[in-house]
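S.K.: Before we start, here is the structure in question, set down as structure tokens.
The values are calculated or read from the model by the stated rules, or taken from the named source; none is laboratory data. As the structure is a prediction and not an experimental result, all values here were calculated from the model. Heads up, the Cβs are rebuilt from the backbone with ideal geometry, glycines too, and the neighbour counts pull from every protein chain shown. The protein model used for the area step is the full one, side chains on, heavy atoms only, and it has no ligands, DNA or RNA in it. Shrake-Rupley method; radii C 1.70, N 1.55, O 1.52, S 1.80 Å.
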Amino acid sequence: MLALATGHWQWSAWLDPKGRVRVFLQVARLADDRLVLVPRGGDAEAIAADLKRFVFRAKVEVSVSDTLHVADGDGVTDGEASEAHGVLTLGEGDASLRIGAHAGDDAWIARHIARGFPWLPDAALNALLPPALSMERLGAVAFAKGCFPGQEIAARLHFLGGHKRHLRIARSDDAWREGETIRIDGRDIGIILMHEPSPDTPTTLVVLDDAFVQAETLDSHGKRLHVLSTFAE
């Protein structure tokens, strides 16, 4: 994070010792001495409490904001970050993510599903390995830096491959819930991360077993899921 330039943001994650993603983050550096962490799911108070255990003698203050809302924004250069009038803006190229005290529209959800930008429901925390969230594609995991929790597992998957679950876009007219397990014949084959129930093009971001990708349509407990595309690791 220290290499992140002021006025920019990046994807990041906090892994547990087994390499599973306990927190998925957008990290913005708004000043030389100020970093803002936007957790993509999870409990901010609990995350802050865990981070405080690593402060030791450093002059670092960890605080949690009041409840903020996520909204869609106009185009801003990808990777740029700024804050004005209490609103944090994270540039995504042809659009942006705006985080502030006032609620806005939810158009960002469909866009993030289309781009494979996951938001993790509670059921997905501490359960998924980096390839399942396409973290390398997003630049959210590094293999050339110093030791970090779960690095051995993450590096093994990077260099040797072999992980059997990956991030995918699907479409369904059925009502899926974020965090819902996808089961076929009693077998757990994936999990719903995000769902946009648009009446025109309802889309879903899922983590799914590779073995079931060839099926044109999956049927789980009477609900159907049509797999559209797969993101690279």
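S.K.: Anything in the range 126-146 that is within 22 Å of Ala170 (Cα to Cα), among the hydrophobic types (A, V, I, L, M, F, W, C) and either touching a Cys at 6+ places or on another chain (Cβ under 8 Å) or open to solvent by less than 40 Å² (accessible area, probe 1.4 Å) (or both)? List them, or say none. Talk me through it step by step, then tell me what you get.
M.R.: Step one: filter the range 126-146 for residues within 22 Å of Ala170 (Cα to Cα), giving 127-138.
Cutting the leftovers down to among the hydrophobic types (A, V, I, L, M, F, W, C) gives us 127-129, 132-133, 135, 138.
Leu128, Leu129, Ala132, Leu133, Met135, Leu138, listed by residue number.
S.K.: Go through the residues of the range 76-90 one by one and say whether even a single one is within 30 Å of Ile169 (Cα to Cα), under 16 Å from the mean Cα position of the chain (by Cα) and either among the acidic types (Asp, Glu) or surrounded by 19 or more Cβ atoms within 10 Å (Cβ to Cβ) (or both).
M.R.: Yes, some residue in the range 76-90 is within 30 Å of Ile169 (Cα to Cα), under 16 Å from the mean Cα position of the chain (by Cα) and either among the acidic types (Asp, Glu) or surrounded by 19 or more Cβ atoms within 10 Å (Cβ to Cβ) (or both).
S.K.: Would you please list the contacts, defined by Cβ atoms under 9 Å and residues six or more apart or on different chains, that run from a residue in the range 3-16 that is in contact (Cβ under 8 Å) with a residue 40 or more places away in the chain to a residue that is of a type in the set (Val, Ile, Thr) and not in a strand (DSSP E or B)?
M.R.: Trp11/Val141; Ser12/Val141; Ala13/Val141; Trp14/Ile47; Leu15/Val141; Leu15/Ile153
S.K.: What is the number of the single condition among (1) touching an Asp or Glu at 6+ places or on another chain (Cβ under 7 Å); (2) open to solvent by less than 20 Å² (accessible area, probe 1.4 Å) that Pro149 does not meet?
M.R.: Among (1) touching an Asp or Glu at 6+ places or on another chain (Cβ under 7 Å); (2) open to solvent by less than 20 Å² (accessible area, probe 1.4 Å), the lone unmet condition for Pro149 is (2).
S.K.: Taking the stated definitions as given, is Ala123 farther than 23 Å from Asp200 by Cα and open to solvent by less than 20 Å² (accessible area, probe 1.4 Å)?
M.R.: Values: farther than 23 Å from Asp200 by Cα: yes; open to solvent by less than 20 Å² (accessible area, probe 1.4 Å): no.
Against the criterion (farther than 23 Å from Asp200 by Cα and open to solvent by less than 20 Å² (accessible area, probe 1.4 Å)), Ala123 does not qualify.
S.K.: Go through the range 19-57 and count every residue that is at pLDDT below 90 and either under 30 Å from Gly161 (Cβ atoms) or surrounded by 20 or more Cβ atoms within 10 Å (Cβ to Cβ) (or both). Don't jump to the end; show me each part of the working.
M.R.: Pass one, the range 19-57, residues at pLDDT below 90: 19, 50-57.
Checking the rest, the ones that are also either under 30 Å from Gly161 (Cβ atoms) or surrounded by 20 or more Cβ atoms within 10 Å (Cβ to Cβ) (or both) come to 19.
The number of residues fulfilling the criteria is 1.
S.K.: Only one residue in Leu193, Leu205, Leu160, Leu228 is modelled with pLDDT of 75 or more, out of contact with any Asp or Glu (no Cβ under 9 Å at 6 or more places or on another chain) and more than 28 Å from Ala3 (Cα to Cα). Which one?
M.R.: Just a single option satisfies the conditions, and that option is Leu228.
S.K.: A further question follows. List pairs: first in the range 161-188 and under 10 Å from Ser220 (Cβ atoms), second exposed (fewer than 12 other Cβ atoms within 10 Å of the Cβ), Cβ under 7 Å, 6+ apart or cross-chain?
M.R.: Qualifying pairs under 7 Å: Thr181/Asp188; Arg183/His221.
S.K.: Report the residue count in the range 192-233 for those that are in a strand (DSSP E or B), open to solvent by 10 Å² or more (accessible area, probe 1.4 Å), out of contact with any Gly (no Cβ under 7 Å at 6 or more places or on another chain) and farther than 15 Å from Arg115 by Cβ.
M.R.: Result for the range 192-233: 7.
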